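Input: a single structure, listed below in structure tokens.
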Amino acid sequence: MPSPAKPFVVTLVAAVTFALGAAPAGAIETEDFTAASAAPTVSLTTQALNTETDTSPLVPISSVLAEAESKHADAVHNFDVEAAIAAATSELGTSRATGWGAPGECIVSAQRWIRAGSGAWTGGGDPVANYAGALRLSPNEAVAGDIIQYEHMQFPTSWVSGVHTVLVTGVNDDGTYQIIESNVPTGSGYVQAHESWVPKPPAGFQAVAWRF
């Protein structure tokens with residue numbers, strides 16, 4: 001009489017044999033991390049940047065820049081502007097010695113006037129390091145009490161011929177400036193005022209404004 005267990009054993013052996021052939025002993029299933037199987041690119045939108053706790057609308061970058069410029073324009077001076085202008089005005093028509101660090105030089109004169117108003121003009125060394133602690137502005141933001149400096153665009157930290165410094169004492173309705181300057185013409189150490197001055201930096205230079 002045939003054993004009822006024989007068909008079961010044959011079936012079991014066949015199943016095991018098929019399994020071993022399909023997946024050899026020791027085989028490990030792995031993920032393919034090649035470029036072909038890389039995750040699809042996700043296109044981010046401004047909505048994706050919002051969080052559950054911050055649902056405020058995003059501000060356009062143009063608005064941010066405009067706000068930054070207005071903050072510059074509204075920054076206050078940290079010294080007595082009227083006292084500084086009075087000190088400069090008291091020297092009009094006078095001359096002083098010129099040369100490295102001499103009192104008739106344009107930047108040395110401007111420093112003297114700002115310091116007369118208790119301004120913390122403590123920088124030195126070159127046309128940029130001189131303004132340590134001051135706020136750099138575009139010339140069209142300058143107001144009374146600011147300094148306008150001609151600096152060389154390629155060598156801004158060099159005392160090349162053409163560097164010049166003036167004190168702004170007012171701004172006219174047409175956008176021109178009232179200024180006081182020293183050492184024009186060069187070597188004269190002469191202090192003079194202009195009521196309708198426009199920055200005209202030499203070729204290769206640019207005008208920048210500084211506020212202490």
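So, in the stretch 101-133, how many residues would count as being part of a loop (DSSP other than H, G, I, E, B), in contact with a Gly (Cβ under 7 Å, 6 or more places away or on another chain) and either touching a residue at least 40 places away in the same chain (Cβ under 8 Å) or at positive phi (or both)?
Going through the stretch 101-133 one residue at a time, the tally reaches 3.
On the basis of being within 24 Å of the chain's Cα centre (by Cα), at pLDDT 95 or above, within 16 Å of PHE79 (Cβ to Cβ) and surrounded by 15 or more Cβ atoms within 10 Å (Cβ to Cβ), does ARG211 make the cut?
It is true that ARG211 is within 24 Å of the chain's Cα centre (by Cα), at pLDDT 95 or above, within 16 Å of PHE79 (Cβ to Cβ) and surrounded by 15 or more Cβ atoms within 10 Å (Cβ to Cβ).
Could you list, in sequence order, the residues of the stretch 75-100 that are part of a loop (DSSP other than H, G, I, E, B) and of a type outside the set (A, V, I, L, M)?
Answer for the stretch 75-100, where residues must be part of a loop (DSSP other than H, G, I, E, B) and of a type outside the set (A, V, I, L, M): HIS77, ASN78, PHE79, ASP80, SER90, GLU91, GLY93, THR94, ARG96, THR98, GLY99, TRP100.
Quick check on the stretch 195-207: of everything there that is under 27 Å from SER90 (Cβ atoms) and surrounded by 15 or more Cβ atoms within 10 Å (Cβ to Cβ), which residue is nearest to the chain's Cα centre (by Cα)?
It comes out as ALA207.
Could you list, ordered by first residue, the pairs with Cβ atoms under 6 Å in which the first is in the stretch 84-100 and under 13 Å from ARG112 (Cα atoms) and the second is at pLDDT 95 or above and assigned to a loop (DSSP other than H, G, I, E, B), at least 6 apart or interchain?
Taking only residues 6 or more apart or on different chains, the pairs are ALA84/GLY117; ARG96/PRO103; ARG96/GLY104; ARG96/GLY189.
Among (1) modelled with pLDDT of 95 or more; (2) under 25 Å from GLU91 (Cβ atoms), where does GLY124 come up short?
(1)
Determine if the stretch 185-205 includes at least one residue that is among the aliphatic types (A, V, I, L, M), in contact with a Pro (Cβ under 9 Å, 6 or more places away or on another chain) and farther than 17 Å from ASN140 by Cβ.
Taking every residue of the stretch 185-205 in turn, none turns out to be among the aliphatic types (A, V, I, L, M), in contact with a Pro (Cβ under 9 Å, 6 or more places away or on another chain) and farther than 17 Å from ASN140 by Cβ.
Answer yes if at least one residue in the stretch 84-98 is in contact with a Gly (Cβ under 9 Å, 6 or more places away or on another chain) and within 22 Å of ALA207 (Cα to Cα), and no otherwise.
yes
Could you list, in sequence order, all residues of the stretch 174-191 that are of a type in the set (Ser, Thr, Tyr) and under 26 Å from ALA102 (Cβ atoms)?
Of everything in the stretch 174-191, those that are of a type in the set (Ser, Thr, Tyr) and under 26 Å from ALA102 (Cβ atoms) turn out to be TYR177, SER182, THR186, SER188, TYR190.
The values are calculated or read from the model by the stated rules, or taken from the named source; none is laboratory data. As the structure is a prediction and not an experimental result, all values here were calculated from the model. Every residue, glycine as well, gets a Cβ built from its backbone with ideal geometry; the counts of neighbours run over all protein chains shown.
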